[in-house]
Amino acid sequence: MVIPLMLGMPAKTARKRAPTPTLPRERGRERTSRSPRAVWSGTISFGMVSIPVRLYTATESHDVHFHLLHKRDGVRLQNVRWCPKDEKAVSWDDVVRGFEYSKGNYVPITDEDLDHLPVKTVHTVDISDFVKLEEVDPIYYDKAYYLAPEETGAKAFVLLRQALEQTGRAAVAKVAIRDKESLCLVRPYEDVLSMDTLFYANEIRSTKDIAVDRAGVSPKEIQMAISLIENLSDSFVPERYHDEYQAALKKLIGAKVEGAPLPTAPSEGGEKIVDLMEALRASVEATRKKSPDRADEKAPVTRTRTISSRRRKSA
């Protein structure tokens with residue numbers, strides 16, 4: 001059975017040149033101060049139920065962005081769309097996408113052409129299967145979106161989300177986004193649904209040419225490695241992890257702007273242990289001492305884990 005989940009095509013957005021700050025700014029913090037902006041709107045068709053929804057991007061970048069400068073005079077370089085025939089720069093209004101069907105020969109493809117492709121997923125996300133979430137390997141995940149209901153579809157939307165949650169299932173579907181038909185997964189996430197685009201199987205590279213054998217690992221070494229893993233085992237709390245490289249990079253940039261001394265790189269402490277078993281034994285001993293401290297952080301997560309296991313049992 002194929003259940004259509006329909007979304008409108010994304011609206012065209014004007015290209016704007018991003019501002020060039022003197023120092024890197026917390027771009028994500030600036031964006032979150034405003035209401036999120038829907039990139040698509042449409043409906044989810046669940047059986048005979050039609051649910052109007054909006055689609056939002058679920059992630060944002062906090063990376064420090066650099067510009068290309070002329071090394072000699074420090075002037076920012078410009079990216080120019082140059083037409084070699086007319087020998088002049090071309091504005092975005094005069095740019096169209098094109099496909100090279102033979103050497104040096106192109107056929108232009110417009111938004112209107114793509115709009116009339118004889119494929120349902122141009123305007124529709126087709127749900128073909130419902131699968132258990134743990135069956136989808138994380139390597140297939142590509143980009144995350146949020147699906148949120150319009151006011152008139154809130155009850156039906158919650159019904160779908162709770163049904164997926166209680167069955168432990170996610171919907172496998174297809175959707176055409178940015179000139180490509182993507183496989184996607186619709187699943188419960190907090191109070192909304194997430195829609196993750198997935199890679200196709202033929203887009204995942206084989207490990208055949210880089211795979212290694214056991215390389216003579218002994219049972220004692222395996223057991224020692226297991227002990228190390230158990231000592232470092234904990235619940236996944238995303239807020240515990242921070243981008244230390246980005247923070248250090250901002251300090252370095254700030255120092256260069258102010259003409260202050262640059263931060264010094266930390267020196268590698270301790271002796272390098274070459275013997276694998278000795279390294280494992282030392283690591284197990286070191287992490288055994290840290291285990292009580294890590295255990296204190298687990299309390300808030302225990303309840304979440306209990307709820308999750310209860311949901312799995314109900315499936």
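Couple of notes before you dig in:
- Test set (1) among the polar types (S, T, N, Q); (2) over 17 Å from residue 196 (Cα atoms); (3) not in a helix (DSSP H, G or I) - residue 128 fails condition number: (2)
- Condition check for residue 97: open to solvent by less than 70 Å² (accessible area, probe 1.4 Å) and basic (Lys, Arg): no
- Only residues that are closer than 15 Å to residue 132 by Cα and open to solvent by 30 Å² or more (accessible area, probe 1.4 Å) were counted across segment 169-187, and they come to 2.
- Candidate set from segment 197-236 (those that are charged (D, E, K, R) and part of a helix (DSSP H, G or I)); member that is most open to solvent (accessible area, probe 1.4 Å): 220
- Of all residues assigned to segment 158-171, none qualifies as being in a strand (DSSP E or B), at pLDDT 90 or above and under 30 Å from residue 97 (Cβ atoms).
The values are calculated or read from the model by the stated rules, or taken from the named source; none is laboratory data. Predicted model only: the values in this text are computed from it and were never measured. Heads up, the Cβs are rebuilt from the backbone with ideal geometry, glycines too, and the neighbour counts pull from every protein chain shown. The area values use the complete protein model at the heavy-atom level, side chains included, leaving out ligands, DNA and RNA. Shrake-Rupley method; radii C 1.70, N 1.55, O 1.52, S 1.80 Å.
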